[in-house]
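Visitor: Dumping the structure here so I can ask a few things about it.
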Amino acid sequence: MEDKDLTQLIATLPAELTAILPQLGVAAQAKGYRLFLVGGVVRDLLLGRPAGDADIIVLGDAIDLAKSLSPSLGKLTIHPAFGTASIILGNTRLDLASARTENYAHPGALPTICLGTLKDDLRRRDFTVNTLAVSLNATDYGRLIDDHGGQGDLRAHLIRALHEHSFADDPTRIWRAVRYEQRLGFNIEPNTLSWLAMGIMGLKNITGNRVWHELAGVLREDAPEKALVRLSKLGALRQIHPILRADSWLAEKCQATRALGTQSIPVYLALLTYRLKNSEAEVLADYLHLSKPLRRVLQNTHDIKVKLPVLGRYGLKSSTIYQMLHGYAPESLETNLVASTSPQARRNIMFYQNKLRKIKVSLKGSDLIKLGVPLGPHIGELLQRLLESRLDGQVTCRADELSLAKTIAACYTPQPS
Ligand code: ATP
């Protein structure tokens, strides 16, 4: 089994990647380094799934190797603190890292890292299916290295941790196990599942930043609700916030947003937190250290949600709908569009999204000044009035706007006595 040759499979990787491999091999050989393709890319190659970014382990100095490559290959970024380098190659990314070994001072702590062998590097990984490596060295190019039974678990569709302390060492692996399980349609192996269940409380020991990294990973999946529902059942979501849950309601809403053509992390996040009170969502946002734009989406989603009872009324004027929905993040509108139970509120949101938000006034402030409107707040008020008239269909063209503006301007302009 150890001698399986993946040369032909490697050739199916994106062209930007396969093009760089020979140059990497030559550079590594000149320095006496050895190279291995490892992790998710090997897993996906064997599964016949499109491979994402590629990770390469270097038995040698990864940064030194990356720097020796021609700069024309792609944008190089060095991370000295981690001893790693990334090269952006068109739509893919190649990560080079020196082989390492890890030690955890206490459960949930970030590991201390030292240089190690290939075996060390594979042993520190999360699941057997991610421990597969392929040699990129001229002498045994394409040879598959399977120290932990990864191939067998790929065939058996199992996500298996390498040892019983895996989740205690790093509780983020709970998120990762579920993400792979649901993405690949695998099962978490029974022993692994019991270790995972015992490790759930450990999620409390990790920083919100790390949880967000994993949560964002889940939200990037094609159907994030699958992993969210599973994580919820396993009790992992409760560790982030005591009343956070994912259930059939959430699953249905996530599917509904995709049916509308949206696949967006902010919308999924806003749906996940939709049923929290505003104050609870704020606590969660603080804990996860969410970015300003994401916090805005959550806040806007809440602000629109409280308007839904009014938005659900029949016969609202277009200008009223506009006023109620104008200025909010588009993702918040989309979230409420799928989350609202009122068909009329949904119609009004769609009407705003598809029509009202695009309506503009043709006249500018300068046109109004020419008509004699005095500088100052009147200009803004009049433009607002023109917009409302446009929205409600009382004016339909520039000429209509001009005649309405003239009538109103006459009220502002001092009349000759
Ligand atoms: P994806 O397909 O989602 O990108 P990936 O397997 O490439 O998945 P990454 O998060 O890019 O995953 O990580 C690259 C590799 O690093 C993994 O395949 C795994 O071997 C290892 N790894 C990542 N995170 C951990 C972790 N928390 N513990 C142990 N190994 C990890």
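Rule-based calculations on the coordinates, nothing more; no lab input. In this text, all values refer to a predicted model and were calculated from it rather than measured experimentally. Please note: Cβ atoms are built from the backbone with ideal geometry, for glycine as well, and neighbour counts cover all protein chains shown.
Visitor: Of Lys305/Lys355; Lys307/Lys364; Lys305/Lys364; Lys119/Lys233; Lys226/Lys305; Lys305/Lys360, which pairs sit farther than 28 Å apart, going by alpha carbon to alpha carbon?
Guide: Details: Lys305/Lys355 21 Å; Lys307/Lys364 31 Å; Lys305/Lys364 33 Å; Lys119/Lys233 35 Å; Lys226/Lys305 25 Å; Lys305/Lys360 26 Å.
Violating the 28 Å limit, Cα to Cα: Lys307/Lys364; Lys305/Lys364; Lys119/Lys233.
Visitor: Within 10 Å, count the other beta carbons around each residue, average over each peptide in 214-226, 66-78, and list them highest first.
Guide: On the way: 214-226: 19.5, 66-78: 14.0.
Highest-to-lowest ranking by the protection proxy: 214-226, 66-78.
Visitor: In whole angstrom, note down how far apart the Cα centers of segment 340-375 and segment 278-317 are.
Guide: 22
Visitor: By how many degrees, between 0 and 90 and to the nearest 10, does the Cα long axis of helix 330-339 differ from the longest principal axis of the chain?
Guide: Once rounded, the angle reads 90 degrees.
Visitor: Tell me the label-point distance for the pair Ala81, His213, using the 7 Å Cα-to-Cβ offset, in nm and rounded to one decimal.
Guide: Placing both labels 7 Å along Cα→Cβ, they lie 1.1 nm apart.
Visitor: Here is a follow-up. Show me, for segment 192-202, the HN-Hα J-couplings you get by feeding each phi into the Karplus relation (A = 6.51, B = -1.76, C = 1.60, θ = phi - 60°), rounded to Hz, glycine and proline as x.
Guide: Each residue of segment 192-202 in turn: 4, 5, 6, 5, 4, 4, 6, x, 3, 4, x Hz.
Visitor: Hand me the trypsin sites (Lys or Arg not before Pro) from segment 325-417 located in a DSSP loop with no more than 12 other Cβ atoms within 10 Å, in residue order please.
Guide: Lys360, Lys364
Visitor: Residues of segment 354-398 with amide nitrogen under 17 Å from the 7 Å Cα-to-Cβ point of Val310?
Guide: Residues 388 qualify, since their backbone N sits under 17 Å from the label point.
Visitor: Would you mind calculating the gained length between Lys317 and Lys358 on full extension (0.36 nm times residue separation, minus the Cα-Cα distance), in nm to one decimal?
Guide: Roughly 13.1 nm would be gained on extension.
Visitor: Separate question: If R₀ is 51 angstrom, what is the calculated FRET efficiency for the pair Arg183 and Ala410, using the beta carbon separation as r and rounding to 0.05?
Guide: That pair, Arg183 with Ala410, gives E of 0.15.
Visitor: Still on this model: Quick check: residue separation of Ala259 and Ser68 times 0.36 nm, minus the Cα distance between them. What number comes out in nm?
Guide: My answer for the length gained is 64.0 nm.
Visitor: Between Arg295 and Ala156, with labels modelled 7 Å along Cα→Cβ, what's the label distance in nm to one decimal, could you check?
Guide: The answer from the label model is 4.7 nm.
Visitor: Run the numbers for His326 and Asp286: contour at 0.36 nm per residue of separation, minus the present Cα-Cα distance, in nm. Please report the intermediate quantities before stating the final value.
Guide: Details: separation 40, 0.36 × 40 = 14.40 nm, distance 2.64 nm.
Between His326 and Asp286, full extension yields an extra 11.8 nm.
Visitor: Using a Förster distance of 51 Å, how high is the FRET efficiency between Asn103 and Met350, based on the Cβ-Cβ distance and rounded to 0.05?
Guide: Efficiency for this residue pair is about 0.40.
Visitor: Show that you can apply the helix-only estimate: for the chain, add -39,500 (n - 2.57) for every DSSP H stretch of four or more residues, divide by all residues, and state [θ] at 222 nm to the nearest 500.
Guide: Value at 222 nm, helices only, nearest 500: -15000 deg cm²/dmol.
Visitor: All other residues with a Cβ under 15 Å from the Cβ of His165 taken together, and with Lys, Arg as +1 and Asp, Glu as -1, what is their net charge?
Guide: Result for the local shell: 0.
Visitor: Follow-up. Pop the C-beta distance of Glu164 and Gln29 into the FRET formula with R0 = 41 Å and round what comes out to the nearest 0.05.
Guide: 0.55
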